[in-house]
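Asker: Sharing a structure with you now.
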Amino acid sequence: MVYLQVEGLSKSFGDRELFANISFGIEQGMRCAFVANNGTGKTTLLNILTGHEQQDSGTVVYRKDLRVGYLPQIPQFADNATVAEACFQSENEIVKAIQRYEALLEAQTQHQAVDNAFQQALSEMDRLNAWDFETNIRQILGKLDIHDWNKPVGELSGGQQKRLALANVLITEPDLLILDEPTNHLDLAMVEWLEEWLNHSKMTLIMVTHDRYFLDNVCNEIYEIDNHQLYHYKGNYQYYLEKRDERIANFNAETQRAKNLYRKELDWMRRQPQARGTKAQSRIDAFKEIEQRAKQRLVEKEIQLGVKATYIGSKIFEAQYVSKAYGDRVLLKDFYYNFSRYEKMGIVGKNGTGKSTFLKMLIGEVAPDSGRFDVGDTVRFAYYSQTGITFNEEMKVIDAVRAVAEDIDLGGGQRLTATQLLSRFLFSPSRQHDFIHLLSGGERRRLYLCTVLMSNPNFLVLDEPTNDLDLATLRVLEDYLIGFHGCVIVVSHDRCFMDKVVDHLLVFQGEGKIKDYPGNYTDYRAFEALTIEEERENEAKRNIEKKPKTERTHEKDSNKLSYKERRELEQLEKDLETLNAEKNEIETSLSSGTLQSDDIVKLSMRLSEINPLIDEKEFRWLELSERDN
């Protein structure tokens, strides 16, 4: 079943073309991602699909009555609204159904004649499974570390607002879910939870994300925007990489064959008289096509990060029993660490455990409550913060880099100008003279990275450097950091990035507890899984040993139900039969259209009591039934 059909879509900003005459269809069950370099139109395409931006030409057609959910890259909320109000004031279908039901319920208590509308509202609540909305939204917000239901949205950080918007769009479980950078501002535990949640849902997905493990684990189709055109790959991210390389190799081979044929045909054209009447017109027309094809080329633009680190001595830094707390929230407690030369450390942990604060204390932006950081004399920090820097929007790109330095030392007597460095970061000469307010989010992050490296550091302190960077930039940044002849500390939720770059992890566990794990993130998760399994086995052994020997022998011999449990099972079956019969009777009465207002209210309240009671008893019945088989 086709959910969305796009035909002949084109979009430009002035003389800058993003994509031209692209067409694609989204069918039920597809889980697709759009990938492309920064500034080539991924977010613009999502905005067009969701009606937030107008295309230059082409059509976007959704299946009738399709429920669509959209998570923008930067969500907008009213600052004076609370978290609860933001959840219940959104435009999604479930919230509207709840509002209609509550309004009609209020009208019923005032004895207004709204029987038919109330019946429709009840049916709509049942259809959308809206009765448990508040419970479910609280559970999702809890997983995303938002617990204060009454906190004003204006007091939430940008990351918390993004997580609130994510919870709002997930709870509706639309037919088609469109996500723009859903993993930004999520810690690693949240990303893994979101993966599992999406994989267990039946929703069709369209997303833009730069998290490669997330792409691999969630998506089954990839759309690539390249050179203003759209290419489709049926597979996950790894499959896409393989097939993309094949496509480029085939394109280049075909272009080379066209060039060889072009030289032959060009020689034939030159040897003929200028009077073309005797020539075969079809061959002349074919020559023009060959010429056009031969002059095509596919340039693989890559960022080049050949920036040399300045000399760094053997003493790097020593964290001497550092402590830091904000009120009752302890981030570090008597933390000691001696950082080694050329070390590449990753920092992971849940949001709010002090990762960014640790980096700020290291570079001197935040003072510890006790203890100190003893930093070596030759250390030259460059700090890439999670929030970035605030550029002057009316400044040109080239001027922002020149404000840091006019040129940079590459070593061996070579120097690189600001213009040349920007070219290596895929900023064309014309783009370098654009104003910063014209840049996409990803291009701003790339510019920020450029200004950081322009300072010629020997110690890179990177807080979420992968947010909004395109996949090509990520791969090159990884290669650069792996070969960087200096020190690196990185906080990142990008598991693939951490696996490739770091050699060990500091895990912030909360309440001032920090553990040092050798290896990368995958090594750490494997170790954690093994530890958890061992703890479960040990706990099970301890529980068995605590029981009397006769009881242990009985459990070993049989797992059958006790007499008391068997009687409970029999009673549950009778209770469920009675409750289901009562539920069916109430639903029949509510649908009859013959009840008075007071009766409708009473029966509706009883129905809301019966449903959770049935769920509870069914769960216990299943538990006992499995043991009885």
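Asker: Calculated FRET efficiency, Gln420 and Asn456, Cβ-Cβ r, R0 25 Å, to nearest 0.05? Kindly include the intermediate steps, with their values, before the conclusion.
Answerer: Working: r = 15 Å, r/R0 = 0.59.
E between Gln420 and Asn456, to the nearest 0.05, is 0.95.
Asker: Give the long-range amide H neighbours of Tyr70: residues separated by 5 or more places, or on another chain, with amide H under 5 Å away, using H modelled in the peptide plane at 1.01 Å from N.
Answerer: Amide H neighbours of Tyr70: Ile178.
Asker: Next up: Below 8 Å, C-alpha to C-alpha, sequence gap of six or more: please give me the relative contact order for the chain in percent.
Answerer: The value is 14 percent.
Asker: Counting only other residues whose beta carbon sits under 14 Å from that of Leu156, what net charge do I get with K and R as +1, D and E as -1?
Answerer: Every neighbour counted, the sum reads -2.
Asker: Moving on to the next point. Taking DSSP loops as anything outside H, G, I, E and B, show the longest stretch in the chain free of chymotrypsin sites (Phe, Trp or Tyr not before Pro) there with at most 16 other beta carbons within 10 Å. Mind dumping the intermediate values first?
Answerer: On the way: sites that count: Trp131, Trp149, Tyr311, Tyr342.
Counting only loop sites that pass the neighbour cut-off, the longest clear stretch is 343-629.
Asker: Filter the trypsin sites (Lys or Arg not before Pro) in the range 1-101 down to the DSSP loop ones having no more than 12 other Cβ atoms within 10 Å, then list what survives.
Answerer: Taking the range 1-101 and a limit of 12 other Cβ atoms within 10 Å, the loop trypsin sites (Lys or Arg not before Pro) found are Lys64.
Asker: Give me, ordered by chain and number, the residues 5 or more places off Leu462 or on other chains with an amide H under 5 Å from its own placed amide H.
Answerer: Long-range HN contacts for Leu462: Tyr384, Ile489, Val490, Val491.
Asker: Once the principal axes of the Cα atoms of the range 461-508 are found, what is the range along each, listed largest first in whole angstroms?
Answerer: 28, 24, 17
Asker: What's the extension gain from Gln571 to Glu616 if we count 0.36 nm per residue and subtract their Cα-Cα distance?
Answerer: Value of the extension gain: 14.8 nm.
Asker: Moving on to the next point. How far, in nm, would the chain grow between Glu609 and Glu365 when pulled straight, counting 0.36 nm per residue and subtracting the alpha carbon separation?
Answerer: 82.3 nm
Asker: If only Cα atoms are counted, what is the Rg of the range 398-479, and what is its Dmax, in Å?
Answerer: 12.6, 37
Asker: While we're here: Hey, how many Å between the Cα centroid of the range 560-605 and the Cα centroid of the range 465-489?
Answerer: 60
Asker: Could you please report the charge total around Arg16, scoring K, R as +1 and D, E as -1 over all other residues with beta-carbon less than 11 angstrom from its beta-carbon?
Answerer: -1
Asker: From Cα pairs below 8 angstrom and at least 6 apart in sequence, can you work out the relative contact order of the range 464-509, rounded to a whole percent?
Answerer: Working: 20 pairs, mean separation 21.9, N = 46.
Reported relative contact order: 48 percent.
Asker: When averaged across all projection directions, what area in nm² does the alpha-carbon convex hull of the range 1-109 cover?
Answerer: Mean shadow area of the hull around the Cα atoms is 10.2 nm².
Asker: Next question. Give me the net charge of Lys315's neighbourhood, meaning all other residues with Cβ under 15 Å from the Cβ of Lys315; Lys, Arg count +1, Asp, Glu -1. Before the final figure, lay out the partial values.
Answerer: Working: positive: Arg341, Arg372, Arg380; negative: Glu318, Glu343, Asp374, Asp377.
Charge balance near Lys315 sits at -1.
Asker: Take Asn392 and Ser10, extend 7 Å from each Cα along the Cα→Cβ direction, and tell me the distance between the two endpoints in nm.
Answerer: 3.8
Asker: Okay, moving on. Please sort by residue number the GluC sites (Glu not before Pro) in the range 1-101 whose DSSP state is loop and whose Cβ has at most 14 other Cβ atoms within 10 Å.
Answerer: Counting only loop positions with at most 14 other Cβ atoms within 10 Å, the GluC sites (Glu not before Pro) in the range 1-101 are Glu53, Glu91.
Asker: Could you pull the Rg and Dmax for the range 180-246, using just the Cα atoms, both in Å?
Answerer: Rg and Dmax of the range 180-246, Cα atoms, are 12.7, 36 Å.
Asker: So, with a 1.4 angstrom probe, what is the percent of accessible area on the chain that is carbon and sulfur? Intermediate results must be reported in sequence, preceding the final value.
Answerer: Working: 15420 of 32640 Å².
Heavy-atom surface of the chain belonging to carbon and sulfur, 1.4 Å probe: 47 percent.
Asker: At 222 nm, what helix-only mean residue ellipticity would the chain give, in deg cm²/dmol to the nearest 500, using -39500 (n - 2.57) for each DSSP H run of four or more?
Answerer: Numbers: 21 runs with 296 residues, N = 629.
Computed ellipticity for the chain at 222 nm equals -15000 deg cm²/dmol.
Asker: Would you mind getting the accessible area per residue of the chain, heavy atoms of the protein chains only, 1.4 Å probe, in Å²?
Answerer: Accessible surface, normalised per residue, equals 52 Å².
Asker: Also: Quick one: length gained pulling Glu196 to His232 fully straight, 0.36 nm per residue minus the C-alpha distance?
Answerer: Answer, rounded to one decimal: 10.4 nm.
Asker: Any of Lys143/Lys202; Lys350/Lys396; Lys324/Lys500; Lys202/Lys234; Lys11/Lys396 with alpha carbons more than 28 Å apart? Name them for me.
Answerer: Lys350/Lys396; Lys324/Lys500
Asker: Please give the FRET efficiency for Leu241 paired with Gln596, using the beta carbon to beta carbon distance and R0 = 45 Å, rounded to the nearest 0.05. Please report the intermediate quantities before stating the final value.
Answerer: Numbers: r = 66 Å, r/R0 = 1.48.
My answer for the efficiency is 0.10.
Asker: Which of the aspartates and glutamates could be linked to Lys42 by a straight reach, that is with a Cα gap under 12 Å, when you skip same-chain ones fewer than 8 residues away?
Answerer: Counting by Cα, and skipping residues close in sequence, Lys42 has these aspartates and glutamates nearby: Asp180, Glu181, Glu224, Asp226, Asp468, Asp470.
The values are calculated or read from the model by the stated rules, or taken from the named source; none is laboratory data. Keep in mind the model is a prediction, meaning the values are calculated, not measured. In this analysis, Cβ positions are derived from the backbone assuming ideal geometry, glycine residues included, and neighbour counts consider all displayed protein chains. These accessible areas exclude ligands, DNA and RNA; they are computed on the full protein's heavy atoms, side chains included. Shrake-Rupley method; radii C 1.70, N 1.55, O 1.52, S 1.80 Å.
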